[in-house]
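This report refers to the structure that appears directly beneath it.
The values are calculated or read from the model by the stated rules, or taken from the named source; none is laboratory data. Worth saying up front: this structure is predicted, and the values here are computed from it rather than measured. Virtual Cβ from ideal backbone geometry, glycine too; neighbours counted across all protein chains shown.
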Amino acid sequence: MTENLIIFNARVVTPIGFTARRGAEMSELIILDNATVEVTDGIITYVGANRGENRDGYYQHYWHYNARGKCLLPGFVDSHTHFVFGGERAEEFSWRLKGESYMSIMERGGGIVSTVKATRACNFIQLRSKAEGFLKQMSAMGVTTVEGKSGYGLDRETELLQLRVMRSLNNDEHKRVDVVSTFLGAHAVPEEYSGRTDDYVDYLIREIIPVVAQNNLAEFCDVFCEQGVFSIEQSRRLLLAAKEMGFALKLHADEIVPLGGAGLAAELSAVSADHLLHASDADIRAMADKGVVATLLPLTAFALKEPYARGREMIDAGCAVALATDLNPGSCFSGSIPLTFALACIYMKLSIEEAITALTLNGAAALNRADSIGSIEIGKKGDFVLLNTDNYHFLPYYIGMNCVNTTIKEGVIYPVL
Ligand code: NIG
Ligand code: FE
């Protein structure tokens, strides 16, 4: 659904560009006061000073929104989530509170594999309605595009089911959030392949990735490249095969130990490498050189009580940094955009301007969409967030609280507060 819309009297706050902003560019926001943004059939057709007049009745075909006292930003892009799954893992969370680690729970058959059991027990409608609930909450925090991963099926039927759920949500005429799909069959080794990781990688390459490609069910292929999960060699083999079949690449890299996943992302020219808590200096430089977006997920570090990724140093090294939530039932059961802003600014030492770029234009770049979303510029989608303040500093300052007043998707207004 798209609309014609005039937003006037706004304070527009946006990064500018049709590619990722790297290094010092990340802090360069444009701020326009008393501005008008015109959206025609869902696409931005004017950004600039208020024009005041009714252009000879032309605007009678437009909705009007007086944004006095509000900031208008590009819609937020949450470029890393796992929002389609069955069940929950509240017990695991309580075990972690008592000192057990994420990986030790996974090693004794909990973790991702326990969500796999719950997801395999769900049908399409059950998975879809639960996922749709998350999308509503995301929209209320200003998200207009989200990436979602499979990876809780680990067999052909359930991996495809998760991807079909995401396609169905994205095809919904009344959707508030665009959904970009990623195939993450290499999220864990399923019980059927226990101790036979290489055979499982072969199975993914031969039996599942070609079907995902033929049915256009995902744009990206991702892998949990981690000690005890998929090694660098296994990840490389899988990702090269996926690239061959037309997928753009992502990696869960250097999340728990420094394995070199960020370096592999640079070697393969992946679109993004995500997590990066333990990425080495050399791999950070390699990502900057190759233009791999460094997607940082501060909520996960917070939830796992791990050290935060070195966001400040990555930007200073010339990387394009994106921020995302990593919403999933295990390591990080949160899709909180407000808390992501706060943690990124307080603990990863991003400036507020850099954090805004990271959650808009660079999030879009992490999804190969910087040409169509992520900034308020003519030709891009009319996807916006209106804050209930004209001071964008509230985004991290109002810690963990929502200052989104209205989310606008392709010109359609969805009031929040
Ligand atoms: O990004 N690390 C791998 N994948 C997710 C966690 C998934 C889960 O625990 O269910 C992550 O942290
Ligand atoms: Fe993840």
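Within the range 54-98, the set of residues being modelled with pLDDT of 95 or more and of a type in the set (Gly, Ala, Ser) comprises Ala67, Gly69, Gly75, Ser79, Gly86, Gly87, Ala90, Ser94. Restricting attention to the range 272-305, the residues that are of a type in the set (A, V, I, L, M), more than 16 Å from ligand 2 (Cβ to nearest atom) and in contact (Cβ under 8 Å) with a residue 24 or more places away in the chain total 5. Across the range 73-120, the qualifying residues are those that are assigned to a loop (DSSP other than H, G, I, E, B) and more than 25 Å from Ala218 (Cα to Cα), and the one among them that is nearest to ligand 2 (Cβ to nearest atom) is Arg89.
Any residue at all in the range 110-124 that is of a type outside the set (A, V, I, L, M) and under 21 Å from the mean Cα position of the chain (by Cα)? Among the residues of the range 110-124, at least one is of a type outside the set (A, V, I, L, M) and under 21 Å from the mean Cα position of the chain (by Cα), which makes the answer yes.
Applying the condition of being outside any strand (DSSP E or B) and surrounded by 24 or more Cβ atoms within 10 Å (Cβ to Cβ) to the range 285-298 and asking which residue is nearest to ligand 1 (Cβ to nearest atom) yields Leu297. State yes or no: is Val321 crowded, with 24+ Cβ neighbours inside 10 Å and not assigned by the TED database to the domain that holds Glu132? The answer is no for Val321.
For the range 313-321, check the following and say yes or no: at least one residue is free of Cβ contacts under 8 Å to residues at least 60 places away in the same chain and either in a helix (DSSP H, G or I) or among the aromatic types (Phe, Trp, Tyr) (or both). Taking every residue of the range 313-321 in turn, at least one turns out to be free of Cβ contacts under 8 Å to residues at least 60 places away in the same chain and either in a helix (DSSP H, G or I) or among the aromatic types (Phe, Trp, Tyr) (or both). Is one or more of the residues making up the range 71-84 surrounded by fewer than 23 Cβ atoms within 10 Å (Cβ to Cβ) and touching a residue at least 12 places away in the same chain (Cβ under 8 Å)? The answer is no; no qualifying residue exists. More than 19 Å from the chain's Cα centre (by Cα) and assigned by the TED database to the domain that holds Lys130: does that describe Leu259? Here the answer is yes, as Leu259 does meet what is asked. Thr182 falls short on exactly one of the conditions (1) surrounded by fewer than 22 Cβ atoms within 10 Å (Cβ to Cβ); (2) within 23 Å of Ile232 (Cα to Cα), and that condition is (1). When Gln227 is tested against (1) more than 23 Å from Gly363 (Cα to Cα); (2) within 14 Å of ligand 2 (Cβ to nearest atom), exactly one condition is not met: (2). Which of the residues that make up the range 133-163 are away from ligand 1 (no atom under 16 Å from the Cβ) and either part of a loop (DSSP other than H, G, I, E, B) or farther than 25 Å from Ala370 by Cα (or both)? Residues satisfying the conditions are Gly133, Met141, Gly142, Asp155, Arg156, Glu157, Leu160, Leu161.
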